Structure formats: structure tokens, C-alpha cells
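A short worksheet on the structure shown next.
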Amino acid sequence: MSANKQAIWVFGDYRNYFQNRVTLQLLSRAKDLAKKIDGEVCAVVFGHWTDEWVDDALSHNPTFCGVVGEYIAHGAARVYLTDHPRLSAYSMETYALLMERLARREKPEMILIGATAFGREFAPRVAKRLGTGLTADCIGLDINGEGLLVQMAPSFGGNLVAEIVTPERRPQMATVRPGIFQEIPHDYVRTGEVVRVPMPVDLPADRVRLVRVERCPQREQKLEDAKVVVCGGRGLGSRKKFAKLFELAELLGGEVGATRPVVYADWAGHDALVGQAGKQIRPQILFSFGISGAIQHTAACNNARFIVAVNKNPNAAMMKRADVAIVADASQLCATLIQELKKRIR
Ligand SMILES: Cc1cc2nc3c(=O)[nH]c(=O)nc-3n(C[C@H](O)[C@H](O)[C@H](O)COP(=O)(O)OP(=O)(O)OC[C@H]3O[C@@H](n4cnc5c(N)ncnc54)[C@H](O)[C@@H]3O)c2cc1C
């Protein structure tokens with residue numbers, strides 16, 4: 001690595017399949033951004049047993065596997081690695097401290113972190129320690145004419161996308177929502193540098209002690225497998241009105257799905273997102289409330305057997321795709337259905 005190349009760091013969140021995908025998506029975008037500033041992509045990994053060496057039988061070169069190898073195969077030119085038994089469980093305080101020290105020493109230009117539950121807590125702590133800004137929950141990243149990171153984030157309840165730059169403070173920091181960028185395919189022959197960063201001896205003890213880890217009980221049925229899906233879009237008008245869908249879904253024995261504007265406005269979690277950036281569904285019956293029917297959404301609904309769409313615009317694409325198209329106010333119709341179903345159950 002050349003000493004004067006600007007570095008774009010991606011924090012390696014690898015705890016489970018979902019979180020690791022976000023890291024890979026960020027590495028891919030970081031690679032595009034690095035081209036624009038003639039920079040270099042680096043991953044930062046804290047953990048234990050993250051870097052097994054294996055002897056490549058053909059080349060006789062020792063190669064990294066585990067997440068370190070995976071990050072190199074997905075675009076990292078170098079990986080900063082602190083591997084220590086104390087890091088086997090994610091710890092907010094220790095991880096933030098390690099990141100701060102490393103960033104002060106190496107001076108990256110940018111740090112990108114997945115907007116996972118952990119990332120959303122971790123990133124502001126690191127930014128505060130480094131005295132820099134942070135844009136949370138970005139949905140786009142680019143480089144402007146001055147070589148600054150343009151951090152695109154939904155604002156005003158998801159109605160506007162703000163383009164934010166950090167002109168003075170460094171590093172430029174952003175958390176990015178999962179599913180925004182496409183990861184690049186695993187490149188089995190790519191090589192990269194691994195910089196081992198020793199665990200500091202003077203690190204204060206964590207104030208929080210991890211007692212045990214328990215898996216959340218699995219939901220009885222997953223959205224992807226649900227026979228009935230009640231999907232809501234921006235046309236529902238508010239978080240409160242959207243919440244009614246959960247009641248309807250329960251009465252119908254189904255699951256709730258959402259469009260991207262709904263997820264961006266935080267009316268529903270990312271795990272409810274149906275579409276190109278979310279989940280594919282294949283229900284026997286799909287109820288679609290206040291959804292326009294953009295291709296990025298409907299591409300994931302192609303396997304729905306029967307579609308009932310409710311929209312105040314009869315010409316909406318979703319209405320054209322539906323087996324039954326009802327021209328009505330989505331939240332009113334939802335409330336009426338709940339009322340009628342309750343009468344029948346009684
Ligand atoms: C790279 C990329 C990936 C994307 N991935 C996804 C994805 O995975 N999933 C996804 O959903 N989107 C995705 N999108 C966004 C997608 O293009 C659309 O913007 C989105 O699906 C629109 O959501 P919507 O139908 O809720 O909102 P809108 O398009 O705003 O539609 C709202 C609808 O509600 C109707 N309406 C308004 N008021 C009422 C009312 N009172 N009663 C009844 N109907 C009403 C309107 O007539 C309209 O048809 C992606 C976009 C891009 C560029």
C-alpha cells in the first residue's frame with residue numbers, strides 16, 4: 001500500500017450471515033468510491049479465530065480463510081486485524097476504543113459501518129471519540145467534485161434525501177442500511193495484506209460483562225414462507241395507520257411486508273422489506289395496501305398466487321397486476337376488514 005493513498009475503511013461486522021452481507025456490500029461500494037479518489041479499501045476486524053491460515057495445495061502459498069480472507073476476496077486491499085480472546089464477544093466499549101486508537105494512528109479518510117443494531121450503537125461512539133461527524137442510516141454514498149464523501153440519508157420522515165458532506169473533520173463517517181449496495185462476487189485468487197494490530201495492554205476493563213448469549217426464538221413463520229402476506233406502502237399515510245396491518249395480518253394468520261419508503265420512514269423494520277433490496281415472497285394470497293407497484297418491489301411478488309390491491313389510483317401498476325383491484329382509501333379499507341373479520345371470529 002502506498003503511504004499517501006487515502007484509505008476507506010469498512011468495519012467488519014461478521015457475527016452472522018445477515019450482518020456479514022452488509023459488510024460485503026460496503027466493501028463493494030467502497031471499491032467504487034476508492035477508484036474515484038485513487039484510494040484504497042481496507043477492512044477492520046476485531047475478534048477471535050477470524051484468521052485461519054490454510055496451505056493452498058496448488059501454489060503452496062499460505063492463504064487466509066475465515067472473514068479476513070472473505071473480505072480480501074470481496075475487495076479489501078488490506079485488513080487490519082486484532083485477534084484476541086477478549087474480543088470473542090462483541091463489546092461496544094472495547095471495540096469503540098480499539099477503533100479510535102487505530103484510526104488515530106492510521107488516519108483513514110473515511111469509515112463505513114453497516115447500520116445493523118450493533119453498528120448503529122458503535123458508530124456514534126467512535127465518531128464522538130474521534131471528534132468527527134457521522135451520517136446515520138445512509139441509503140447512498142458517492143464522491144463529489146472536491147473528493148468528499150457524499151452521504152445520502154433520508155430526512156423529514158423519508159420524504160427528502162439529504163446529501164451531507166463532512167468538509168473539515170476526519171474521518172468522514174457513515175452508517176449504511178443493509179441491502180442498498182450489491183456485493184461483488186467472491187474472487188478466489190485475490191490477495192491482500194493483513195496488518196496484525198496487537199491487543200493493547202492498557203485497555204480498560206469493560207464496564208459491561210457478557211453473561212451469556214441466547215438466540216432469539218425464531219418467529220413461527222417467516223415472511224418468505226408465509227401463505228398470507230399483508231403488504232403496505234406509502235399510501236397508508238402514517239406509521240400509526242401502517243401498524244394496523246399487523247392486526248389484520250394476525251387475524252388472517254399472515255405476515256406483514258413493506259415497501260422501501262415505509263422502511264425508510266421507520267414504519268416497519270428492514271426485515272419486512274419486500275423487493276429487490278429485501279425479501280422474495282410467494283404467498284397464496286397477497287394483500288397490497290397503498291403500493292404503487294414499482295418494479296423493484298413487484299419483482300419479489302411474482303410468485304404470489306392471488307393479489308388483492310387497494311389503491312386510490314386505479315391506474316397504479318399494482319392495480320393492473322392484481323387479480324382483484326379495489327379503488328379505496330387503504331387505511332380505511334384495512335380498518336373495515338379488521339372490523340368484519342373480528343365479527344366473524346366472535
Ligand atoms: C436500487 C433500488 C432498489 C429498490 N428496492 C426496493 C425494494 O426492495 N422494495 C421496494 O418496495 N422498493 C424498492 N425500491 C423503491 C421503488 O422503486 C419504489 O420507490 C417503491 O417501491 C415505492 O413504494 P410505495 O409503493 O410504498 O410508494 P409510492 O410509489 O409513493 O406509492 C404510493 C401509492 O399509494 C397510493 N395511495 C396514496 N394515498 C393512498 C390512499 N389514501 N389510499 C390508497 N392508496 C393510496 C398512491 O396512488 C401510490 O400508488 C428500490 C429502488 C431502487 C432505485
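The values are calculated or read from the model by the stated rules, or taken from the named source; none is laboratory data. Treat the numbers as computed from the prediction; the structure is a model and nothing was measured. Please note: Cβ atoms are built from the backbone with ideal geometry, for glycine as well, and neighbour counts cover all protein chains shown. For the accessible areas, the whole protein counts, side chains as well, though only heavy atoms, and no ligand, DNA or RNA atoms are used. Shrake-Rupley method; radii C 1.70, N 1.55, O 1.52, S 1.80 Å.
Within segment 138-158, can you find the residues that are without any contact (Cβ under 8 Å) to a residue 60 or more places away in the chain and more than 18 Å from Q6 (Cα to Cα)?
Here is the first cut: in segment 138-158, the ones without any contact (Cβ under 8 Å) to a residue 60 or more places away in the chain are 138, 140, 144-146, 148, 150-153, 155-156.
Matches in segment 138-158: C138, G140, M152, A153, S155, F156.
Report, by residue number, each residue of segment 222-242 that is assigned to a helix (DSSP H, G or I), touching a Phe, Trp or Tyr at 6+ places or on another chain (Cβ under 8 Å) and either open to solvent by less than 50 Å² (accessible area, probe 1.4 Å) or at pLDDT 95 or above (or both). Break it down into steps so the answer makes sense when it comes.
First pass over segment 222-242, keeping only residues assigned to a helix (DSSP H, G or I): 223-225, 234-236, 239-242.
Checking the rest, the ones that are also touching a Phe, Trp or Tyr at 6+ places or on another chain (Cβ under 8 Å) come to 235-236, 239, 242.
The answer is G235, L236, F242.
Where in segment 248-346 are there helices (runs of 4 or more DSSP H), lying fully within it, with 2 or more residues that are more than 13 Å from the ligand (Cβ to nearest atom)?
Details: elements: 260-264, 295-298, 317-321, 330-345.
So the answer is 330-345.
Return the residue satisfying two criteria in turn: it lies in segment 159-185 and is touching a residue at least 24 places away in the same chain (Cβ under 8 Å) and of a type in the set (D, E, K, R), and of such residues it is most open to solvent (accessible area, probe 1.4 Å).
Looking at the filtered set, the residue picked out is R169.
Of the residues in segment 106-123, how many are modelled with pLDDT of 95 or more and open to solvent by 20 Å² or more (accessible area, probe 1.4 Å)?
Qualifying residue count, segment 106-123: 3.
Restricting the search to segment 202-220, which residues are under 30 Å from R129 (Cα atoms) and either within 22 Å of the chain's Cα centre (by Cα) or loosely packed, with under 14 Cβ neighbours inside 10 Å (or both)?
If the condition is that a residue be under 30 Å from R129 (Cα atoms) and either within 22 Å of the chain's Cα centre (by Cα) or loosely packed, with under 14 Cβ neighbours inside 10 Å (or both), then D202, P204, A205, R207, V208, R209, L210, V211, R212, V213 are the ones that fit.
Which number in (1) open to solvent by less than 40 Å² (accessible area, probe 1.4 Å); (2) within 25 Å of D266 (Cβ to Cβ); (3) of a type outside the set (G, A, S); (4) modelled with pLDDT of 95 or more marks the one condition that M92 misses?
(4)
Which condition from (1) in a loop (DSSP other than H, G, I, E, B); (2) surrounded by 17 or more Cβ atoms within 10 Å (Cβ to Cβ); (3) not polar (S, T, N, Q) is the one that M199 breaks?
Looking at each condition in turn, M199 falls short on (2).
Going through segment 304-332 one residue at a time, which ones are of a type outside the set (D, E, K, R), within 23 Å of K279 (Cα to Cα) and in contact with a Gly (Cβ under 8 Å, 6 or more places away or on another chain)?
Passing the criteria: A309, V310, N311, A316, A317, M318, M319, A330.
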